[in-house]
Amino acid sequence: MIEVKNLYTSFEQKIVHDNISFDVKKGEIFGILGGSGSGKSVLLRQIVMLDQIQKGQINILGKDIKNLNMEQRNYIKKNWGVLFQFGALFSSLNVIENIGIMLKENTKLPKELIDDIALTKLKMVGLNWDVGKLYPEELSGGMKKRVALARSLALDPEILFLDEPTSGLDPASAKAFDELILELRDMLDLTVVIITHELNTITNVLDRFCIINDTKLAIVGTYDEALKENDVTINKFLKLKRDNIGK
Ligand SMILES: Nc1ncnc2c1ncn2[C@@H]1O[C@H](COP(=O)(O)OP(=O)(O)OP(=O)(O)O)[C@@H](O)[C@H]1O
Ligand SMILES: [Mg+2]
């Protein structure tokens, strides 16, 4: 589904990614982990073609994204939904309008049909129809995340990219959101890439993950494989997460 090959990124003198390679298989939930400032969001923005690839290659659905023309780029972009780290809802639009915005901009569907589709997506993320009329300021943090998720599902994507989807949520809401991701993956045959630092998400949701540490990948594998490595950096990273639970 996604292949990242020998990616190198630097800003001025600072190297962020040094020779990073991994792939994401169809149908899996893949995690991108790493400390703050380790280059997770930049990597995601490069995969979704918002940031430039300086050196190296990223293939999506078998195509090198550097070599796509405008038409191909637009086509491939409709294959994914993205929930950005600080991706806010439009405060002047109600929930249904927020979810339908991509359909309004990318299709010629009539408004009633767009509203119907938006309502279906709203139900898909576990919210009731009456939430549709509310404005973002009237929603709880967990509801906002669900609405943002519904918006990223609007175009029926094959791939979902989520940057810290549960950060800032209380543990119960975060757990419910994690369960929703698992459910949606199974129901919609999605491939999901999640940036997260939540141990519960790492152990309960991710099939495999990579850890960016000091510009390189410390591991690409499952949680069990990561523990078996018995590597100081990996253990430190995962132990830090375990120690932080409940705090
Ligand atoms: N456009 C840019 N210009 C210059 N430096 C940048 C740019 N974008 C990101 N950086 C730098 O790249 C590094 C990685 O940033 P990034 O946002 O990917 O970190 P992150 O792993 O997502 O961190 P966090 O967990 O805090 O979200 C940081 O040092 C950041 O300051
Ligand atoms: Mg980030």
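The values are calculated or read from the model by the stated rules, or taken from the named source; none is laboratory data. Just so it is clear, the structure is predicted and the values come from calculations on it, not from any experiment. Please note: Cβ atoms are built from the backbone with ideal geometry, for glycine as well, and neighbour counts cover all protein chains shown. Please note that ligands, DNA and RNA were not included when accessible areas were found on the heavy atoms of the full protein model with its side chains. Shrake-Rupley method; radii C 1.70, N 1.55, O 1.52, S 1.80 Å.
Here K175 and N106 are evaluated by their C-beta separation; at R0 = 30 Å the FRET efficiency comes out at 0.35. Is there a pair in K5/K26; K78/K236; K145/K228; K77/K144; K40/K63; K55/K228 whose C-alpha atoms are over 28 Å apart, and which pairs would that be? The answer is K78/K236; K145/K228; K55/K228.
With every protein chain left in place, what is the accessible area per residue of the chain in square angstrom, probe 1.4 Å?
Values: 12870 Å² over 247 residues.
Result: 52 Å² of accessible area for each residue.
The accessible surface of the range 1-112, taken with every protein chain in place and a 1.4 Å probe, is 51 percent carbon and sulfur. Once the chain from L68 to D23 is taken as fully extended at 0.36 nm per residue, the excess over their C-alpha distance is 14.2 nm. Placing dummy labels 7 Å off each Cα toward the beta-carbon, the span from T203 to L61 is 3.7 nm. Between L199, M1, L169, the Cα set farthest toward the positive side of the dipole of the chain (charges on each charged residue's Cβ, about the Cα centre) is that of M1.
Average projected area of the Cα convex hull of the chain, in nm²?
Working: hull surface 55.9 nm².
Seen from a random direction, the Cα hull of the chain projects 14.0 nm² on average.
Just need the relative contact order of the range 1-48 here, percent rounded to a whole number, with Cα pairs under 8 Å and 6+ apart. After rounding, I find 30 percent.
Summarising the amide proton neighbourhood of L160: residues at separation of 5 or more, or on other chains, whose placed amide H is nearer than 5 Å comprise G81, T191, V192, V193.
Think of it as helices only: each DSSP H run of n ≥ 4 in the chain is worth -39500 (n - 2.57), and spread over all residues that comes to -12000 deg cm²/dmol at 222 nm.
When the accessible area of the range 125-247 is computed with all protein chains present and a 1.4 Å probe, what percentage of it is carbon and sulfur?
Details: 2950 of 6080 Å².
Roughly 48 percent of what the probe reaches on the range 125-247 is carbon or sulfur.
Classify the range 86-156 as rounded, prolate or oblate, taking a ≥ b ≥ c as the square roots of the eigenvalues of its Cα gyration tensor: rounded when a/c is under 1.5, otherwise prolate if a/b is larger than b/c and oblate if not. Prolate, since a/c reaches 1.5 and a/b exceeds b/c. Based on Cα contacts under 8 Å between residues 6+ apart, the chain shows a relative contact order of 25 percent.
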